[in-house]
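Following: one structure in structure tokens, then a few remarks.
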Amino acid sequence: MELEVATTPADDTVYVDRSEGERGSKAPFFTTYVSESRDVRWGYRCGNCETFDNAMDTMGRIECNTCGNIKKPDEWDAAHE
């Protein structure tokens, strides 16, 4: 699949793979790369509001700081609550 070329707020060019992503509560988070070769992941683009302003914690939870779209953690343990 062809990558979508996008520009970050810092004016960097990144490549969004709309066929690869993480399921969010409102829309997927699409994997974004530094180059077309996909060898270095840059981060994620929120599929709900199209922003790059997302935060990820050590458990794999991703949250969009703009629209509140959230991906649940990869691992969950009641001890973390």
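The values are calculated or read from the model by the stated rules, or taken from the named source; none is laboratory data. Just so you know, these numbers come straight off a predicted model, no measurement behind them. Counting neighbours? That spans all protein chains shown, and the Cβs are built from the backbone with ideal geometry, glycine included. Side chains are part of the model used for accessible areas, which takes the heavy atoms of the whole protein and leaves out ligands, DNA and RNA. Shrake-Rupley method; radii C 1.70, N 1.55, O 1.52, S 1.80 Å.
Are there any strands (runs of 3 or more DSSP E) wholly within segment 1-53 with 1 or more residues that are among the aliphatic types (A, V, I, L, M), and if so which?
By residue number, 4-7, 13-22.
Among 36, 50, 22, which is free of Cβ contacts under 8 Å to residues at least 12 places away in the same chain and acidic (Asp, Glu)?
50
For the subset of segment 28-62 comprising residues that are charged (D, E, K, R) and surrounded by fewer than 19 Cβ atoms within 10 Å (Cβ to Cβ), which member is farthest from residue 16 (Cα to Cα)?
57
Tell me which residues, restricted to segment 63-81, are modelled with pLDDT of 95 or more, open to solvent by less than 40 Å² (accessible area, probe 1.4 Å) and in a loop (DSSP other than H, G, I, E, B).
Selection gives 67, 68, 69.
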